């Protein structure tokens, strides 16, 4: 172990190996993204750029190219699909932030607070349309079908979450159904479409879908844990958003179940009726930690990450596969 | 002329001949629409149904099937495309009503006032995704491309309108650009995709696109005139919406130009700053009528309707073509 690696206590798993392998592809994808978000209506590229260049990890398009490359793709058919996937994701974020009245996104002021909710809704629609144009150019009806279906599932998941947002009695099953639809489905479709574009056999297409679906679940569970401080209980500046919005995520649902009647009043007030004081978040974090809800959430995330890695077994063993395995570890070990 | 036709002073032109010819197709399209808006998330079909079964004329899907049938289609490939076109249109209406904070749609309370703006945004996204699923099933990448591009153009037009909504100095060119994008483009794409699905030669595909683009412009201009009482100056109960929202439509823009400096203050207050009293709409209607702005708007609509009919010249002369010609006349003669 050299000095550099001991100095930085790097968590197990990383997205860097994958980003490095896909570096050339990502440059091309970014070029496509920038070219296709242009419009003579100036507010469209301005608003799109605010979000697209806010330093997101490009995880979903990375899954599309990694899946295509791992399945043996040598051409660039996957790049337009990858850009389309990022556009679908961005459109979803724009609409989500309007729906949730969120104030921050990727550490920046949410677009609807700068350009207004109407522009955010319409620019989301614009990007969604551009995604389908790109998919048409990619030329695979099967890949198009996969991403169109995923888009429908995402909106269904969002509506389901909206109607059950502050439900203290949400079951773990319905919670998993919601995050599967609103997060994991696009991960799955991104990877599946990549494998389809590479002309992979059905067994490999299914393997890439299974990998990414489980990876998406692991990521979302870890995200939900991070909002209460995560494994390190190190509350970042954006922690507490879910609590303040009264979102029934797994750490909260488990804590509510485990703290029982004694704390029922606290949860009903802060989540059910969303009547909160500044001290409430600290108390919620304490209850969540004491009840072991964070560990349970992260254990479940780790289970999904393991399933993701196992799903890769039909794929060739090469540096792409290793990078995807690393990404699964990263999903549960990251701190932000 | 029989008693029935003299008793009702029927305006020149009608949508009835077309609806009659396409009756069987419309039944099938409605079946597809109802089947595809289902979801286990109950609010989705409830909200979609509120708008879809509110008695819209199904003009756009009618254009798709009429175009396909006129181009000789004997199979049902056009029906899924037609349903997709209605879904795109419905998604656009749901988002529009949120964007404009409209209170009424098709004579009913707007969906966002019943289910909330968040659900309207997300159900719009759901219907948009379902539209693309249907297009994939229809199996034509070219038709998909046409409708994906149209969807992008529509959102661009909506954003352009949003940024120029209360601009008293909007030029007639920019106004036509806006209604071309937000209304006529989907008419054009609906007809074009129908002809493509029928395997029509390029000349006929272009003819159907040109017909429907001009028809869409005629419809929108007549709509904008109807909002100030239209040709009959008969103010329906929904007239005045554009004025109250301060929308710079052609009747208004022409009146502003023609009434000159004398009324500048009135227009700046009522449209520019949207400070209105109940009497202002009556005064606006008077100014619009006196300035001949309504006649000019309807003359322009009639010009586009004529262009629409002329565009049909490469098509076979049969009952479908006659019905489409009648529809063009209906566009400018209707009273609601």
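The values are calculated or read from the model by the stated rules, or taken from the named source; none is laboratory data. Since this is a predicted model, take the numbers as computed values, not measurements. Here the Cβ positions follow ideal geometry from the backbone for every residue, glycine too, while neighbour counts run over all protein chains shown.
Summary of computed values
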read-out	value
Candidate set from region A:113-135 (those that are more than 8 Å from chain B (Cβ to nearest Cβ) and touching a residue at least 60 places away in the same chain (Cβ under 8 Å)); member that is surrounded by the fewest Cβ atoms within 10 Å (Cβ to Cβ)	A:114
Filter pass, residue A:18 being modelled with pLDDT of 90 or more, within 23 Å of the chain's Cα centre (by Cα), crowded, with 19+ Cβ neighbours inside 10 Å and on the phi < 0 side of the Ramachandran plot	yes
Residue in region A:299-317 that is touching a residue at least 60 places away in the same chain (Cβ under 8 Å) and farther than 30 Å from residue A:198 by Cβ present	yes
Qualifying residue in region A:252-260 (condition: modelled with pLDDT of 95 or more, in a helix (DSSP H, G or I), touching a helix residue (DSSP H, G or I) at 6+ places or on another chain (Cβ under 6 Å) and surrounded by fewer than 23 Cβ atoms within 10 Å (Cβ to Cβ))	yes
Selection count, region B:139-168, where residues are under 19 Å from residue A:120 (Cβ atoms) and facing chain A (nearest Cβ under 7 Å)	9
Residue in region A:88-107 that is free of Cβ contacts under 8 Å to residues at least 40 places away in the same chain and on the phi > 0 side of the Ramachandran plot present	yes
Options A:41, A:65: the member that is at pLDDT 90 or above and either facing chain B (nearest Cβ under 8 Å) or surrounded by fewer than 17 Cβ atoms within 10 Å (Cβ to Cβ) (or both)	A:41
Near pairs, Cβ below 6 angstrom, 6+ apart or cross-chain, from region B:44-55 (more than 14 Å from every other protein chain (Cβ to nearest Cβ) and touching a residue at least 40 places away in the same chain (Cβ under 8 Å)) to any residue that is assigned to a helix (DSSP H, G or I) and surrounded by 16 or more Cβ atoms within 10 Å (Cβ to Cβ)	B:50/B:111; B:51/B:90; B:51/B:111
Candidates B:103, B:86 - the one that is more than 8 Å from every other protein chain (Cβ to nearest Cβ) and surrounded by 24 or more Cβ atoms within 10 Å (Cβ to Cβ)	B:86
Sole residue being crowded, with 21+ Cβ neighbours inside 10 Å and under 21 Å from the mean Cα position of the chain (by Cα), chosen from A:110, A:138	A:110
Members of region A:294-326 found to be surrounded by fewer than 18 Cβ atoms within 10 Å (Cβ to Cβ) and assigned to a loop (DSSP other than H, G, I, E, B), listed by number	A:313, A:314, A:316, A:317, A:318
Conditions (1) part of a helix (DSSP H, G or I); (2) under 19 Å from residue B:97 (Cβ atoms); number of the one not met by residue B:196	(2)
Residue check, residue B:185 modelled with pLDDT of 95 or more, out of contact with any helix residue (DSSP H, G or I) (no Cβ under 8 Å at 6 or more places or on another chain) and assigned to a helix (DSSP H, G or I)	no
In region A:205-245, residue farthest from the chain's Cα centre (by Cα) [restricted to those that are surrounded by fewer than 22 Cβ atoms within 10 Å (Cβ to Cβ) and modelled with pLDDT of 95 or more]	A:206
Region A:274-293 - residue that is in contact (Cβ under 8 Å) with a residue 60 or more places away in the chain and more than 24 Å from residue A:180 (Cβ to Cβ) and, of those, surrounded by the most Cβ atoms within 10 Å (Cβ to Cβ)	A:289
Residues of region B:199-221 satisfying the condition of being more than 15 Å from residue B:187 (Cβ to Cβ) and in a helix (DSSP H, G or I)	B:202, B:203, B:204
